[in-house]
Amino acid sequence: MRQLCLFLLSVALFMNGPLWADEIAKPLPADVRVLIDISGSMKKTDPQNLRKPAVDLIVRLLPDNSKAGIWTFGQSVNMLVPHRVVDKAWRAEGSQKAHTINSVAMFTNIGGALEKAAEDYAAPSNDYRRNIILLTDGVVDISKEAVVNLNERKRVLTELLPRLKASDYRIHTIALSGDSDQELMKKLSIATDGISEVAETADELMSTFLRIFDQAVPAERVPLDENGFLVDSSIQEFTALIFRRAEVPATIIVAPDGKEFSDTDPKNNVNWYRTDKYDLITVQHPPAGQWKVKTDMAPGSRVTVVSNLQLTVQPMKSNIKSNQSLDLTYAFQENGKTILNKDFLNLLTGEVLISGGGTAEVKSTPLTMGAPADGNFHQQLEGFSGQGAFDVKILIDGKTFKREFIHHLNISDSAFKLEKTVDESSGKKVYGYKLTADLEAVDVSATTVKAIIKNSKANNLERDLNTIGNERWEFSFTPVQTAHYDISLNVTGKQIDGSPLTETIQADSFDFPDEASVLAAEHPASEASSSAASSEAAPAAEEHAPEAETKPEESSNVWLYIGIGIGNLLVLVLGYFIYRLIIGGKNKDDNDEIEKTLKTDVSSLQKNNAPTEKTVIDVSDEANMGTIPMSDNSPVGNNGEPEVKMPDDLMADNLFPLDNMEEPGDKDKN
């Protein structure tokens, strides 16, 4: 069969041009550093010491030629298994040392553990993709003095984290129990595009470790279901990890020829490792065909393969915001070279299954196939709404073979908290917004926020917001035009670790003054018909109305009005001179004060740390705001929409009365 496949590929090479791409972009092998908390509190959170079997499992799953090391930490940091290239000897040592993990240390030196595991941060890593897996049940704790611990936590975030991020480490964290510093764990992971997991109980450690292991050490799989799994002729080795239900005593696998295996069988290249929870089965040079699994499998079971025919998926983001897309790039490689043959690529079909986010729903998206010129398939994946952990499963069917790839994704919280209010106490609707930054994630001094207000009448406003207290931005908006409004905040700046920050926050969406009014304004057909009916009825009414009698104007009234006007003018002139005489001295003092104010250096006022005012966008006193004319020749803005040209009395200084700003504390006083 293998010779036949090679012959067919040779024919395709002759008939269809190049078979492989000259340039390949294969993902780098993994470099994994595992940090295990052994502080005394672990006796409570992990009483059965389930860290031992969890670490033992990932040690056994690490592939040859990857790199790995294991450290334990409490007050001090100790190397449990040396950091080096993984081989059979390393796995044997790692499995043995995993069983020595205990819970006897004082304190929880998270910063020291990260530093020790990344001592080589200054040396570039061109051959491996660096990962750190951190497991802890506590908080940064190096002293009995609380202020010392707080300063150390700050050092981890502001000094150590930027260093690790710059050296291209991905920090994956496992917070065991609700007492751990989950916020710190999330910040470490999100900043480095790692995965952050919470294991509420020690019983969840195994599955949590596996989820993170999948992300740090991505492996090619074949789909596994109740019918077993398909092994094609290109597969040189498979490793089946089969989790059993509690009541199931053993697992049996059945080869395509019907032969059953339940233990190590050197003659048939079968190696078997069994625990009370799972079976780990490795078969070298397996016969091609459908293999079956005789057991009641639990979630987490999978079959990874080593094959000459590889599905290679370029690294994807592990953290995105809600409703963002995920870029997917993948290819098939034969002996390390990307396949270009159109006959082969056109046979492929596939789909992406997206699950998670706290729901049982699984969304299926077909993959856009067809033979790309360079052999690399590209697609943007959508449908990531909400927050939480998601699983992205890629399934490829090549008719005679199948491949599967799993990617875990976190839809993370925003680094900003938005608060909204609606105040009608003044008789107007005033919409208020306060955006507060997470000071441990955002460099506020290097960040700007722009409010963008759009309505269904295409009257759009933008305004840069003042920073208040070096932590937040506030603005209020009083609409006047009957329309549907969408308000967003465009954030541009830097994170605390120096990386760029760009985020668009959808702040609000509402109808003003209400939905019925907006519908009536945008669909006036019914009003027009009622107006037409009224105009038809008007002549009939006029037929029965008596004719109005008109009286000629009396010219004598004109001279009377002129006389009254002249008298009023004389009174005003006389009053003005008396007013100037009385308060002339006061005006001089006021003018001096105004001149002094105009000469004041604005920068000196800013240095005095005077409270910055919130931005007030109040157009309610402008009666014509809702009727800003637009012509066909109106200029076009940067966003591609017509740019609104406002009359002089509706320009920015009138629409945004900065001299009418509220003090930041006024709202709180109310």
At 1.002 mPa s and 20 °C, Stokes diffusion of the range 30-216 via Kirkwood alpha-carbon radius, µm² per second: 132 µm²/s
Name the residues whose placed amide hydrogens come within less than 5 Å of the amide hydrogen of Asp443, ignoring near sequence neighbours (fewer than 5 apart) on the same chain. Lys494, Gln495, Ile496
Run through the DSSP bridge list for the range 30-216 and note the antiparallel percent, rounded to the nearest 5. 20 percent
Quick one: of Lys88/Lys154; Lys494/Lys614; Lys187/Lys292; Lys43/Lys494, which pairs are farther than 32 Å apart, Cα to Cα? Lys88/Lys154; Lys187/Lys292; Lys43/Lys494
Along each of the three principal axes of the Cα atoms of the range 403-505, give the extent in whole Å, ordering the values from largest to smallest. 59, 41, 22
Give a residue-ordered list of calculated ³J(HN,Hα) values for the range 515-524 (Karplus: 6.51 cos²θ - 1.76 cosθ + 1.60, θ = phi - 60°; whole Hz; x for Gly, Pro). 5, 4, 5, 5, 4, 5, 6, 8, 10, x
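What number results when the radius of gyration of the range 257-337, computed over Cα atoms, is divided by 2.2 N^0.38 Å?
Numbers: Rg = 17.8 Å, N = 81, 2.2 N^0.38 = 11.7 Å.
Here the answer is 1.52, to two decimals.
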Between Val139 and Glu237, what FRET efficiency follows from the Cβ-Cβ distance if R0 is 41 Å, with the result rounded to 0.05? 0.40
Once a ≥ b ≥ c are taken as the square roots of the eigenvalues of the Cα gyration tensor of the range 91-164, is the result rounded (a/c under 1.5), prolate (a/b larger than b/c) or oblate (a/b not larger than b/c)? oblate
Take the Cα pairs of the range 209-352, get the Kirkwood Rh, then feed it into Stokes-Einstein at 25 °C and 0.890 mPa s and tell me D in µm²/s. 144 µm²/s
Among the listed pairs Lys342/Lys363; Lys116/Lys144; Lys363/Lys454; Lys52/Lys144; Lys321/Lys454; Lys186/Lys393, which have their C-alpha atoms separated by more than 31 angstrom in this model? Lys363/Lys454
Pop a pseudo-label 7 angstrom from the Cα along the beta-carbon direction at both Asn126 and Asn102 and give the gap in nm to one decimal. 4.5 nm
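Contact order normalised by length for the range 30-216, with contacts defined as Cα pairs under 8 Å and 6 or more residues apart; what percent is it?
The value is 24 percent.
Values quoted throughout were computed directly from the atomic coordinates according to the rules given, and no laboratory measurement underlies them. Worth saying up front: this structure is predicted, and the values here are computed from it rather than measured. Note: ideal-geometry Cβ built from the backbone for every residue, glycine included; neighbour counts use all protein chains shown.
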